[in-house]
Amino acid sequence: MSDGTPLLEATGLTMHYGAVKACTDLDVQIRGGEILGIIGPNGSGKSTLLKMLAGHLRPTAGSIRLRGSDVTRWKTDRLARAGLVMTSQNQMVFGGVSVREALQIGEACRRDTRNAGLTTAQIVEMLHLGEVLDDTVEELPLGYLRRVGIALAIGVQPDILLLDEPAAGLNDEETESLRELILRLREAGLTVGIVDHDMTLMVALCDRVIVLDVGQILAQGEPHDVIKDPAVIDAYLGSPLSFDAEEAS
Amino acid sequence: MDILIQTVFNGVVASAVYFLIAAGITFVFGLTKLINFAHGQFFVLAMFVAYELTRLGLNFFVAAAAAIVVGALLGYLSERLLFRFTSANPYNGLIVGLGLLLVLEAVALKIWGGFPVRVPASFSGGFGVGSSFFSYNRITVLAIAVALAAVLFRLLKSSRLGQQLQAAHENPVAAAHVGINVGRMVTYAFIVGSGLAGLGGVLLGTLQPMSAFDGHGLIIKGFAVALLGGLGNLSGAMKASVLYGVGETLVASYLIPDFVPIFTYGVIIVVLVFRPGGLFEKGQGSEQTFSRNSIGRIHRQRDLTRGERLTVLLVALACAPMLFELAPDSHAQALLVVAALYAVQVYALSYVYETTGILSIAQAGLMLVGAYTGGVLAMHLGLGFWWALLVAVPVTALFGGALGFIVARCTGHYLLLTTLAFSALLYQVALTAQSLTNGDNGIILAQELPSFGPFGFESLREQFYVIAVAAALAVGGLAILRRTRYGRQLLAIRENESLARSLGLRVGFLKTTIFALSGVVSAVGGVLYLYSQRVIAPASFETALSIEIVIMLVLGGRGLLGPAIGAVVFVVVPELLGLTPIDQQLVFGAGLIAVILLSPDGFVPTFRAGYNRLVRMISRRPAETYNIVDPAPQVAPQKEVV
């Protein structure tokens, strides 16, 4: 699936808040068609990295290139129009309307109306939102809310989707359907960058993971190799991850 | 040089008073996000009480203390009896404050009349240095304000209550979690803030004569200062009041006094465009335009069926002519014409409000641009109705776009103030640019009135139908707009601005265009105003009208019919009672408060909710429930963070 050319490429990405160094000199590449995971302990700079890539935060230093052109100073909306969309936990949905209306609104935000891509009906089917179409968004349970958030993001048909902790607060069943969803999105041609704490999900899902610690890259590579890396175990996992054990999450 | 020293001194003394108002506003706003329009009237009432007490021969300081108590008491009562119930929706608080302002102003007018009075100075006399004169009274005013500021800062920093107040201001939810009674803190903030207003009233009363009418102006100045300093920021309010007080006095003595309002509103707009969070705040202010908050929690209602919608449409179409034809005399007919003219403006505003949720207090300004473009063309070039329409529409759209561009840079209450300043600025320009607009005298239309077949502007009947058709077109446009791709993009801004941005919308551009579109509707309404009233003067488009247009919108409530109903109720009902103007104001203010407290969503949504209940009762359908409960617990407990 991965063709090897970086779709999104960050070089020397740095974010310092005064003396606090959230990210220092990160080189990150996301290749077209892959699912890239970013993991690390709390405060390791995962979310900061994601926010810089999506234009929510402007990096103190470094550059970001999308399909080869410099997008370092682009704002969120311009990046979104160029095909890079991020959903985060706290700003996910249009709350005061029905799910149907919310999706209509999302559809209206689509940059290219002619491009076929996924139709709203397909998205509804894929995310199992059919049974809640007439309910008010903000009254939905968390699992549905997340799905509406993702539906809105893929509704604008991005090339790259960045997900900030999509599994937080979901139960196992919901996490499993999230995994299937992301795999299906990749099949539909999407490139996905994902930050989450759920190691089982990440290992099962990602083609490649980057491990961050105190704002620097500790390790990267295939998930199965990375979780055996002693440095990673020491800094993040605490104990070697065994695959049938569920306690890892 | 001496004049400069004198001016700066007077400016600093004036700023001491502005600080007292602004501090009170900041106190209340910091906790409640409420702009209490009645705050300026607390100021005035306290001043009158002190005035009466000094007339009885009491010492100035005793009178001042009494004024503080009166202010504090007014604050306490208004919070306990009124504002406590509006905390869910800041715009409702705004309207209730306006209602209270009207009521208190009417009360003051009834007791003291409209004449200005002056509180005797604390100390008479003074001393001169060169040709400057420093009166003891002004020095006392300054000393009291400075001492009070020092005490306030000290108390906020180190007293237990002060720290609790600050905690509640920083984060009400967290404060409640650590055991602070936030509701009580709000009450205290009202008491302290209004007590400061009471003192400010007395002090200002010794500097200049004041009348019952001064509440409006004071609250806008005080609010400007509080905003410039950054709302909720006491030291910022102090710095801003000095800058503003001195700046205003300098403009008044070195330029033309007429320019003072232009200076005030110009400064507000420029500052907020470049420092959207206030002069002394580093940050950007909040991300959200406050649109969702502003509407409060939306109670979604069952969508009307096609049949019901058709019925409403037919009834509305039948009601408008019936209303006019049943009007008993030409006075009532003239009122309905005015109501229709206002309705067009309210619809113009709802183009912005219904879609983006932004409430702007500038519609009278846009209406002014439309009407005056037509008026100037008629007066200077002798051009008629169609030319007026042809030119006014793009010109007003341009002004609307400019307003939208400014608005796009502001958030929350800063946005409200910028729009208010925009409206006031246009009014001042129309007043000052005499060679173009004929200033205060206004423009009288000498043109031949146009006609469209059987319709024209000759009789009240013709006027009413022409304007009603324009209003109907505006409604139709709004209904279509909501279903278009563009309309849905605007809804995205209303529902969640930062998400809209994340999904790739050009939020600023969208806001600019919708304000331009609102300007188009306003322009048509403005030209119709010109050709039906045949005389326009700046006074017809004062900021008060901008505020009234907002009141009509809130009264009617969301929905396509709300604006028309709001406008008719606003214009006609107070007249029906046949009271004297003061009594009318009193009743109207009280009615406004009652309506907002009893029907917080406005007439139309309240009526719809009642109708839905009735339908359910008749058909015995159970209330709508949400059928998504699965047997597993809906929200899994937050996972342990690794």
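The values are calculated or read from the model by the stated rules, or taken from the named source; none is laboratory data. What you see is a predicted model, and the numbers here were worked out from it, not measured in a lab. All Cβ positions, glycine included, derive from the backbone under ideal geometry; neighbour counts span all protein chains shown. Each accessible area value is taken on the protein alone, full model and side chains, heavy atoms only, with ligands, DNA and RNA left out. Shrake-Rupley method; radii C 1.70, N 1.55, O 1.52, S 1.80 Å.
Averaging the inverse of every distinct alpha carbon separation and then flipping it gives the Kirkwood radius. What is it for the range B:323-542, in angstrom units? Display every interim value, and only then the final one.
Details: mean 1/r = 0.0561 Å⁻¹.
After inverting the mean inverse Cα-Cα distance, the result is 17.8 Å.
Entry comment: accessible area of the range B:119-230 is 44 Å² per residue, from protein heavy atoms only and a probe of 1.4 Å. Loop-located trypsin sites (Lys or Arg not before Pro) in the range B:110-202 (DSSP state not H, G, I, E or B) with no more than 15 neighbouring Cβ atoms inside 10 Å: B:R118. Candidates B:I144, B:V527, B:L34 compared by Cα position along the dipole of the protein assembly as shown: farthest toward the positive end lies B:I144, with charges placed on Cβ.
Distant-in-sequence amide contacts of A:K21, defined by a placed amide H-H separation under 5 Å and a gap of 5 or more residues or a different chain, comprise nothing.
Residues of the range B:500-525 whose accessible area (probe 1.4 Å, heavy atoms of protein chains only) drops by at least 20 Å² once all protein chains are present, relative to their chain alone: B:R501, B:S502, B:L503, B:G504, B:L505, B:R506. On association of chains B and A, roughly 3500 Å² of accessible area becomes buried (total for both chains; probe 1.4 Å). Simple rule: put +1 on each Lys or Arg Cβ and -1 on each Asp or Glu Cβ in the protein assembly as shown, find the dipole, and look at B:P538, B:Y347, B:G195; the Cα lying farthest toward the positive end is B:P538.
In this structure the amide hydrogen of A:L218, modeled in the peptide plane, comes within under 5 Å of the amide hydrogens of A:V211, A:L212, A:D213, none closer than 5 places in sequence on its chain. Within the straight-line cut-off of under 12 Å between alpha carbons, the aspartates and glutamates reachable from A:K46 are A:D164, A:E165, A:D196, A:D213, sequence neighbours fewer than 8 places apart in one chain being disregarded. Taking the three principal axes of the alpha carbon atoms in the range A:42-173, the coordinate ranges are 46, 40, 25 Å, sorted in descending order. With just the Cα atoms defining each centre, how far is the range B:474-552 from the range B:409-435? Give it in Å. Using only Cα atoms to place each centre, the spacing works out to 16 Å.
Surface composition of the protein assembly as shown: carbon plus sulfur atoms hold 62% of the accessible area, using a 1.4 angstrom probe and ignoring ligands, DNA and RNA. Close lysine pairs were tallied over chain B: pairs 8 or more places apart or on different chains with Cα atoms under 28 Å apart number 14.
How much accessible area per residue does the range B:63-117 have, counting only protein heavy atoms and a probe of 1.4 Å, in square angstrom? If you can, show how the numbers build up before the last one.
Numbers: 2150 Å² over 55 residues.
Per residue, the range B:63-117 has 39 Å² of solvent-accessible surface.
Neighbours of B:T432, meaning other residues whose beta-carbon lies under 12 angstrom from its beta-carbon, give a summed charge of -2 when Lys and Arg score +1 and Asp and Glu score -1.
What you get for the range B:323-542, charging only the Cβ of Lys and Arg (+1) and of Asp and Glu (-1), is a dipole of about 980 debye around the Cα centre. For A:R208, the amide hydrogen comes within under 5 Å of the amide hydrogens of A:I35, A:G37, counting only partners 5 or more places away or on other chains and with H modelled in the peptide plane.
Taking every protein chain into account, the accessible area of the range A:20-132 amounts to 41 square angstrom per residue (probe 1.4 Å).
Note on chain A: with a GNM built from Cα contacts shorter than 10 Å, the maximum mean-square fluctuation among A:A167, A:A219, A:A153 falls on A:A219. Here the peptides A:18-29, B:329-340 are ranked by packing, the mean other Cβ count within 10 Å, and the order with the highest first is B:329-340, A:18-29.
Rounding to the nearest 20 debye, state how big the charge dipole of the range A:1-103 is about its Cα centre with +1 on each Lys and Arg Cβ and -1 on each Asp and Glu Cβ. Walk me through the numbers on the way to the answer.
Values: 12 positive and 8 negative charges, 58 e Å.
Dipole of the range A:1-103, to the nearest 20 debye: 280 debye.
Derived from the Cα gyration tensor, the three semi-axes of the equivalent ellipsoid of the range A:6-237 are 29, 20, 16 Å, largest first.
For trypsin sites (Lys or Arg not before Pro), the sites in the range B:443-541 that DSSP calls loop and that have at most 15 other Cβ atoms within 10 Å are B:R534.
Taking every pair of Cα atoms in the protein assembly as shown, average 1/r, invert it to obtain the Kirkwood radius, and report Rg/Rh to two decimals. Before the final figure, lay out the partial values.
Values: Rg = 30.6 Å, Rh = 30.3 Å.
My calculation puts Rg/Rh at 1.01.
How much of the DSSP beta bridge set in the range A:6-237 is antiparallel, as a percent to the nearest 5? List each step's numbers first, then the result.
Values: 21 of 38 bridges.
Close to 55 percent.
Just the number, please: percent antiparallel of the DSSP beta bridges in the protein assembly as shown, rounded to the nearest 5. Restricted to the protein assembly as shown, the bridges split so that about 65 percent are antiparallel.
Quantify how strongly other chains surround peptide A:67-77 by giving the mean number of their Cβ atoms within 10 Å of each of its Cβ atoms. Don't skip to the answer; put the middle values down first.
Numbers: counts 0, 0, 0, 0, 0, 0, 0, 0, 2, 9, 10.
For this peptide, the per-residue mean of nearby foreign Cβ atoms is 2.
Charges were assigned to the Cβ only: +1 to each Lys and Arg, -1 to each Asp and Glu. The resulting dipole of the protein assembly as shown about its Cα centre is roughly 1620 debye.
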